[in-house]
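The values are calculated or read from the model by the stated rules, or taken from the named source; none is laboratory data. Not measured: the values here are computed from a predicted model. FYI the Cβ positions are ideal-geometry reconstructions off the backbone, even for glycines, and counts take in every protein chain you see.
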Amino acid sequence: MVTIQETEIMERGLSAVNRAKELGRPILICEVHQMDMVHPLQFFNAGKDRYQGERFFWKDPTNEVILIGIGISKQIQSDQATDRFFLVEKEWKNFLKDSLIFNDFNEIGTGPVMFGGFSFDPYKEKTELWSKFADSLFHIPKYLLSIVHGKAFLTINTVCTPHDDLSLFSKILEERNQLLRSLEQKYKPLPSALVEKREILPEKWKSTVDGVVNELTNGPLKKVVLARELRLVFNDLVEAEDVLNNLYNQQHESFIFAFESNGDCFIGASPERLVKKQGTEVYSTCLAGSISRGKTEEEDRILGDTLLNDQKNLIEHSYVVEMIKEALEESCEEIILPAKPQLMKIRDIQHLYTPVIGKCNRAASLLLLVERLHPTPALGGLPKEAAVEKIRQVEDLDRGFYAAPLGWVDYRQNGEFAVSIRSGLIQGKEASVFAGCGVVADSNAESEFLETRLKFRPMLRALGGQ
């Protein structure tokens, strides 16, 4: 499956040991090998016994880049609210400094990659719900399967300290061989049954919507996005592997992700890209305004046309387009932006959608772009700071990583972040799913409540809840 010469591994290992001793600090040694194709879910499942709690999964909507990480060679985390994007980037660059990287392939998403994200609002009081996730949390995996443009690559990351010797690399070889052997085993998920579904403070949430509508009518705020939680209880442990398999089959046209931390798993299928950077090309997505799918082709077309001509949704969408355009103009020399939105149709819902393409300096920081774009008006509101402050004041939910940037960055400054909506948090025999909607001056609390129910559907179905 992967051809690796043991003598070559040991020779490179000796170089790493000597460099770590010479510098007097840990260094990274990274090797990339092309391998036979393996199903991404199979690789994620192979890490269950030995690495459960230390895995991540990422698939973009077009299958251009699929990343699965197993084990943790380095963790970058912080609960510091100020300068959090800058601090993560600084630690990532320091980690890469003096590293030994053996990568003969010019493919994005191979070699050292960090995967993770940021909480929606680090100034919001943290609750028990998100206690297993730091406000900034990224993992650099021990083993990374990258499926890029239909080709599979295995990256092995090893952190070598001044106290290590060649025995470390003998252990890595054995561990790697065990992992590859485990790919031959068939994993049979054991679905759990939903026994209780609890709406969290539904009447209070509707009352909050009414209160915000009054403020929007009489104050400077234009839009506030309010989110809520649905708590689910099952008869047995909820297996992330089973839920991920369902999302992979049911929501394949979305960003599919899973991110484990200390026993909990944040998982979802988001339709929304925040930003992607590949060389000097930058891509973003304006996604705001939604309506359900039709039961027939004709009904679906009529609903889509209704959305394309609905003034409330078009205004809401224009806020997002303008904000994303302004944020990218700070880093991009050129921006291509269609004049009108189009429809993005996914399984349960259709959205107004405007793609944005920009050209930037190759050295432009992806995390700086993430900082400028988060949260878009589709997730926070307008004006940005005032809307987030209002959410902090009135929303009972601790959003944690929900509606926040989640994604990856490679050592060449390429990467992609999605907005982690249509998502849930698995915690043993329980799970929470999250949904939000944009509240504007003419919003109706009951309509917004029903919209969140529609947005719960993808995760509910994946969890076996409907």
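Within the option set GLY47, GLY53, GLY69, being in contact (Cβ under 8 Å) with a residue 40 or more places away in the chain, small (Gly, Ala, Ser), surrounded by fewer than 16 Cβ atoms within 10 Å (Cβ to Cβ) and within 29 Å of LEU244 (Cβ to Cβ) holds for one residue only, GLY53. Pick from the range 294-315 the residues that are surrounded by fewer than 16 Cβ atoms within 10 Å (Cβ to Cβ) and either charged (D, E, K, R) or in contact (Cβ under 8 Å) with a residue 40 or more places away in the chain (or both): which of them is nearest to ARG457 (Cα to Cα)? It comes out as LYS295. Using the structure shown, decide if TYR283 is of a type in the set (Phe, Trp, Tyr), in contact with a strand residue (DSSP E or B) (Cβ under 8 Å, 6 or more places away or on another chain) and at pLDDT below 90. When the stated conditions are applied, TYR283 does not pass them. Taking the range 222-245 as the range and being of a type in the set (S, T, N, Q) and out of contact with any Pro (no Cβ under 9 Å at 6 or more places or on another chain) as the test, only ASN235 passes.
So is LEU129 touching a residue at least 24 places away in the same chain (Cβ under 8 Å), hydrophobic (A, V, I, L, M, F, W, C) and surrounded by 24 or more Cβ atoms within 10 Å (Cβ to Cβ) or not?
Criteria not met by LEU129.
Please specify each residue of the range 428-444 satisfying the condition of being surrounded by fewer than 19 Cβ atoms within 10 Å (Cβ to Cβ), in contact with a strand residue (DSSP E or B) (Cβ under 9 Å, 6 or more places away or on another chain) and either of a type outside the set (Gly, Ala, Ser) or not in a loop (DSSP other than H, G, I, E, B) (or both). Scanning the range 428-444 gives LYS429, GLU430. Residue count for the range 174-225 satisfying the condition of being of a type in the set (S, T, N, Q), under 27 Å from GLU395 (Cα atoms) and free of Cβ contacts under 8 Å to residues at least 40 places away in the same chain: 2. Only strands (runs of 3 or more DSSP E) whose full extent lies in the range 198-275 are considered here, and the ones with at least 1 residues that are at pLDDT below 95 and among the charged types (D, E, K, R) are 223-234. Of everything listed in (1) outside any strand (DSSP E or B); (2) under 30 Å from GLU334 (Cα atoms); (3) in contact (Cβ under 8 Å) with a residue 12 or more places away in the chain; (4) not aliphatic (A, V, I, L, M), the single unmet condition for SER318 is (3).
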